[in-house]
Amino acid sequence: MKPFSEACERNRVPILTVLARVFADRRRVLEIGSGTGQHAVSFGAALPHLAWQPSDLPHCHAGIRAWLDATRLPNVLPPVALDLHDPVWDVGRFDAFFSANVVHIVDWVGVEALFEGIARHREADCRVALYGPFNYGGRFTSESNAAFDAWLRRKDAASGIRDRDAIDALARRIGLRLLEDNPMPANNRLLVWGG
Ligand SMILES: C[S@@+](CC[C@H](N)C(=O)[O-])C[C@H]1O[C@@H](n2cnc3c(N)ncnc32)[C@H](O)[C@@H]1O
């Protein structure tokens, strides 16, 4: 049974519009926190020049595999286990990284670990694309994002919508430069770094 995320179905075309451009010259993408696997098969099908490597905590792998089995895309690889908190990631090197709706779920140590892991596994020339809601100057961009943040923190006090500039500071620490901040539907953003 394939897990289904309504949000993935809604956001995949707007995200793809940007990825098609910023990943046009990329070869190997590590997706961090693939979730259902819908993004992996959707973007893998639309961008066949990319070897797309899904990853997530092991409990998500059966669902991701169900999507892979249903689509049989030669360029989308079986999921690998990747916990951001692990000091070693058993993955190779990549010239692109994509992660959707993860940095507001994991704790701040996990967010820092995401960029430290990218630093360990990046090619010299690399692109990083992060999708999700972000704050600006400590402010929510909408009432719905403020309500979402309160809901997240009720479930887990360590989660919550991150400030775009705080994330950018982590990216700059590993030598990345913010190239684009794309508005997305439903008060989300797609941030793109290069370096
Ligand atoms: C809100 S879901 C987003 C899933 C998918 N990217 C999407 O946009 O629908 C957050 C994802 O982060 C993953 N995740 C949570 N903690 C993690 C960790 N410590 N390391 C790696 N992934 C983690 C979850 O398993 C889940 O798939």
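Listing 32, 105 from the residue with the fewest other Cβ atoms within 10 Å to the one with the most, what is the order?
Details: 32 24, 105 18.
With the fewest neighbours first, 32, 105 line up as 105, 32.
In terms of the mean number of neighbouring beta-carbon atoms within 10 Å, the peptides 149-160, 89-100, 164-175 order highest first as 89-100, 164-175, 149-160.
I need the calculated FRET efficiency for the pair residue 154 and residue 109, taking r as the beta carbon distance and R₀ as 22 Å, to the nearest 0.05.
Working: r = 20 Å, r/R0 = 0.93.
Efficiency at R0 = 22 Å is approximately 0.60.
The order of the peptides 69-81, 52-64 by mean Cβ neighbours within 10 Å, most packed first, is 52-64, 69-81. With only Cα atoms counted, region 125-195 has Rg and Dmax values of 12.8, 39 Å.
Ordered by the number of other Cβ atoms lying within 10 Å of each residue's own Cβ, fewest first, 184, 1 fall into the sequence 1, 184. Note: relative contact order over the chain, using C-alpha pairs below 8 Å and six or more positions apart, is 19 percent.
For region 113-155, the fraction of alpha-carbon pairs lying more than 16 Å apart is 56 percent, rounded to a whole number. Considering all different alpha carbon pairs of the chain, the Kirkwood hydrodynamic radius works out to 16.8 Å. Just so you know, the Cα atoms of region 52-117 work out to an Rg and Dmax of 12.6, 36 Å.
Rule-based calculations on the coordinates, nothing more; no lab input. Predicted model, so just to flag it, every value in this text is computed and none were measured. Cβ sites come from the backbone with ideal geometry, for glycine too, and all protein chains shown count toward neighbours.
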